[in-house]
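Reading through the structure tokens given below for one structure.
The values are calculated or read from the model by the stated rules, or taken from the named source; none is laboratory data. Small disclaimer: the values here were computed from a predicted structure and weren't measured. As a convention, Cβ positions derive from the backbone with ideal geometry for all residues, glycine included, and neighbour counts pool all protein chains shown. In case anyone asks, the SASA skips ligands and DNA or RNA and just uses the protein heavy atoms, side chains included. Shrake-Rupley method; radii C 1.70, N 1.55, O 1.52, S 1.80 Å.
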Amino acid sequence: AAGVEVDILYDAADGRFYVSHDHPYQTFDGQPLTLEALLATTGSTGHFWLDAKNLENLAPWTAKRAVSQLAALLEQHGLRERAFVESRHPLYLSWVAAAGLHTSLMVSPNERKYSPAVYAANVYLMKWAYSLGPFGAISMTHSRYTPRTASLFGERVPVLLSTVNDDDRLAALQADPRVRVILTDNNRFAPAACAGGGGVAP
């Protein structure tokens, strides 16, 4: 596969990132897995989509420390050009970008839930947050990536989408030059499939 998506949580008490979707940490062979241990085993090849799940919930001084440690860890494993960090927090994510790492701002436009005016206002705020970066991309669940959402964000903003398991939807998104990475749960490894030169991540 072109790469893999990894959920990470920063533990302020011991200053480490753990591979887990939430807390208490998921365990592997009975033990929580640190990001450092994962990268020591797998970091020499491939790309990494690092979903920093709790970065937005950290105090500013803790977030600064977490960003510094993450940048050092990715540098240590030669991943500065092969990883991007995702977060919903534009200020903290701007610190990640300032550390020289690739970034993606997680957004959640919801055309189906809100009135057209409220939806448009929400997208405007998301675009404003994106402009604070500069960030490398935006990311969202594929169901939120409607034609109107694509139009409002424009042609110049790269998009990362999760999680696409429908064959027809996958084929359509692979043809969209704005879509640079597609996350899927299924075994459809096609590293050069995306029109923008990205890939499909399992």
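Key figures for this structure:
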{"item": "Heavy-atom accessible surface of region 1-93: percent carbon and sulfur, 1.4 Å", "result": "53 percent"}
{"item": "Accessible surface of residue 127 - all protein chains present, 1.4 Å probe, nearest 10 Å²", "result": "90 Å²"}
{"item": "Estimated inter-spin distance, residue 117 and residue 44, nm [label 7 Å along Cα→Cβ]", "result": "6.0 nm"}
{"item": "Accessible-area order (highest first, 1.4 angstrom probe) of the listed residues 86, 36, 81", "result": "81, 36, 86"}
{"item": "Net charge, residue 92 excluded, C-beta distance under 12 Å - Lys, Arg +1, Asp, Glu -1", "result": "+1"}
{"item": "Angle in degrees between helix 116-131 and the longest Cα principal axis of the chain, rounded to the nearest 10", "result": "40 degrees"}
{"item": "Cα gyration tensor, region 1-54 - rounded (a/c under 1.5), prolate or oblate", "result": "prolate"}
{"item": "Accessible heavy-atom area order of 145, 114, 130, highest first, probe of 1.4 Å", "result": "114, 130, 145"}
{"item": "Relative contact order %, the chain, counting alpha carbon pairs below 8 Å whose residues are six or more apart", "result": "18 percent"}
{"item": "Ellipticity estimate at 222 nm from DSSP helix runs (n ≥ 4, -39,500 (n - 2.57)) divided over the chain, nearest 500", "result": "-9500 deg cm²/dmol"}
{"item": "Only Lys, Arg (+1) and Asp, Glu (-1) charged, at Cβ; the chain dipole about Cα centre in debye", "result": "660 debye"}
{"item": "Hits among lysines - C-alpha to C-alpha of residue 64 under 21 Å, sequence gap 8 or more where chains match", "result": "53"}
